[in-house]
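The values are calculated or read from the model by the stated rules, or taken from the named source; none is laboratory data. Just so it is clear, the model here is predicted, and its values are computed rather than measured. Note that each Cβ is placed from the backbone with ideal geometry, even for glycine, and that neighbours are counted across all protein chains shown. Side chains included, ligands, DNA and RNA excluded: accessible areas come from the protein's heavy atoms. Shrake-Rupley method; radii C 1.70, N 1.55, O 1.52, S 1.80 Å.
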Amino acid sequence: MQTRGQQGMRLDRFVSQATGVSRSQARTWIRRGGVSVDGARVRDAAFSLADGMHVVADGETLALPGPLYLMLHKPCGLLSATRDDRQDTVLSLLPDALAARVHIVGRLDKDTSGLLLLTDDGDWSHRITAPARHCEKVYVAELAQALDDAAMASLERGVVLRSESTPTRPARLQRVDDRRVRIAITEGRYHQVRRMFAAVGNRVTLLHRERIGGLSLDAALAPGQWRALTADECAAVFA
Ligand code: URA
């Protein structure tokens, strides 16, 4: 987890993040002379802050809030995107002030449910999603047909996905029941789980993400609910 620095940040962005007002409200506030930096009034919204500078607005010292780390139980039917002109996104589940700050850490398909992480800490999300890190993601897939041992062994070894030439990295599979399989993968290719089962002649009818690294979806969160992560949970992702 990081602490947040203000080095190089525009004054209007800083005021907006520190107080929760919109960027345009922050600009108006600054232009009207309500904001000072190190004791001098600054009316330029683009003023670039350095670390250690002291910002005061209407007599109150401002500070950036700490970084945000959230887990969300994504329901089926919402896009994993920060904005979309036509469809509702997962950010519609958050209060506006939080939604304006966070980005999504590793998307899920519109029809996939389960654990989705959101943050405003780019380093943390990069450590989770960087392909070289091979962070494990665990899904439960409901299938159109029962999976035979040969298909299971192929998926465990790695399969070549349609329109690709490199086989998937080895996966771990476990039968849950006749039609449901738990699958752990360490890559994040486009529609990877659905395409892996398609590669062995099957079809995913429901997909749910249970875990990312060492962090499991909180069973107390109903679809659509979210909560902040604890410091231990932020670290557990890398376990
Ligand atoms: N694999 C998929 O096919 N879909 C997801 O949403 C996640 C992994």
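Rounded to the nearest 0.05, what FRET efficiency is calculated for ARG32 and HIS103 with R0 set to 25 Å and r the Cβ-Cβ distance? Don't skip to the end; give the middle numbers.
On the way: r = 32 Å, r/R0 = 1.26.
The pair ARG32/HIS103 has a calculated efficiency of 0.20.
Count the net charge of all other residues whose Cβ sits under 10 Å from the Cβ of GLU210, scoring Lys and Arg as +1 and Asp and Glu as -1. Before the final figure, lay out the partial values.
Working: positive: LYS137, ARG182, ARG209, ARG211; negative: none.
Around GLU210, the charge tally is +4.
Using the crude model of +1 on Lys and Arg Cβ and -1 on Asp and Glu Cβ, and no other charge, please compute the dipole size for the chain relative to its Cα centre, in debye to 20.
Values: 33 positive and 28 negative charges, 104 e Å.
With only Lys, Arg, Asp and Glu charged at Cβ, the dipole is about 500 debye.
Which one of LEU94, LEU147, LEU206 is farthest out on the positive end of the charge dipole of the stretch 69-236, using unit charges on Cβ (Lys, Arg +1; Asp, Glu -1) and the Cα centre as origin?
In the stretch 69-236, that residue is LEU147.
Can you check what the net charge comes to around SER113, using other residues whose Cβ is under 9 Å from the Cβ of SER113 (Lys, Arg +1; Asp, Glu -1)? Let's see the in-between values first.
On the way: positive: LYS74, ARG209; negative: ASP111.
Computed value for this residue: +1.
Per DSSP helix of 4 or more residues, -39500 (n - 2.57); summed, then divided by the residues of the chain. What does that give at 222 nm, rounded to the nearest 500? Spell out each step's value before the answer.
Numbers: 7 runs with 53 residues, N = 239.
Taking each H run of at least 4 residues, the total per residue is -6000 deg cm²/dmol.
Calculate, for SER165 and ASP84, the FRET efficiency according to 1/(1 + (r/R0)^6) with r their C-beta to C-beta distance and R0 35 Å; round to the nearest 0.05. Provide the component values of the computation, followed by the final result.
Values: r = 32 Å, r/R0 = 0.91.
Once rounded, the FRET efficiency stands at 0.65.
Per the 1.4 Å probe, what fraction of the accessible area of the stretch 11-62, in percent, lies on carbon and sulfur atoms?
Values: 1230 of 2820 Å².
Taking all protein chains in place, the stretch 11-62 shows 44 percent carbon and sulfur surface.
Take the alpha-carbon centre of the stretch 183-239, take the same for the stretch 64-123, and report the distance between them in whole Å.
Here the answer is 14 Å between Cα centres.
Output ³J(HN,Hα) for the stretch 115-122: one whole-Hz value per residue in order, computed from phi by the Karplus curve 6.51 cos²θ - 1.76 cosθ + 1.60 with θ = phi - 60°, and x for Gly and Pro.
Using θ = phi - 60°, the values come out as 5, 10, 9, 9, 7, 10, 9, x Hz.
Hey, if you put +1 on the Cβ of every Lys and Arg and -1 on every Asp and Glu Cβ in the chain, which of CYS234, PHE47, SER125 ends up farthest toward the positive end of that dipole?
In the chain, that residue is PHE47.
If I stretch the segment between ALA146 and GLU210 completely, what's the gain in nm (0.36 nm per residue apart, minus their alpha carbon distance), one decimal?
On the way: separation 64, 0.36 × 64 = 23.04 nm, distance 2.09 nm.
21.0 nm is the gain from fully extending ALA146 to GLU210.
By the scheme Lys and Arg +1, Asp and Glu -1, what is the net charge of all other residues having a beta-carbon under 12 Å from that of ARG195?
In short, +1.
Across the stretch 44-56, in residue order, what do the Karplus-derived ³J(HN,Hα) couplings come to in whole Hz, using 6.51 cos²θ - 1.76 cosθ + 1.60 with θ = phi - 60° and x for Gly and Pro?
9, 5, 8, 3, 9, 7, 10, 4, x, 5, 9, 9, 10
Leaving out ligands and nucleic acids, and using a 1.4 Å probe, what accessible area per residue does the chain come to in Å²? Write down the numbers at each step before the final one.
Values: 12550 Å² over 239 residues.
On a per-residue basis, the chain sits at 53 Å².
Of all DSSP beta bridges located in the chain, what percent are antiparallel, nearest 5?
Working: 40 of 44 bridges.
Antiparallel bridges: around 90 percent, rounded to the nearest 5.
With the full set of protein chains in place, find how many percent of the accessible area of the stretch 129-239 is carbon and sulfur; take the probe as 1.4 Å. Before the final figure, lay out the partial values.
Values: 3060 of 6030 Å².
Taking all protein chains in place, the stretch 129-239 shows 51 percent carbon and sulfur surface.
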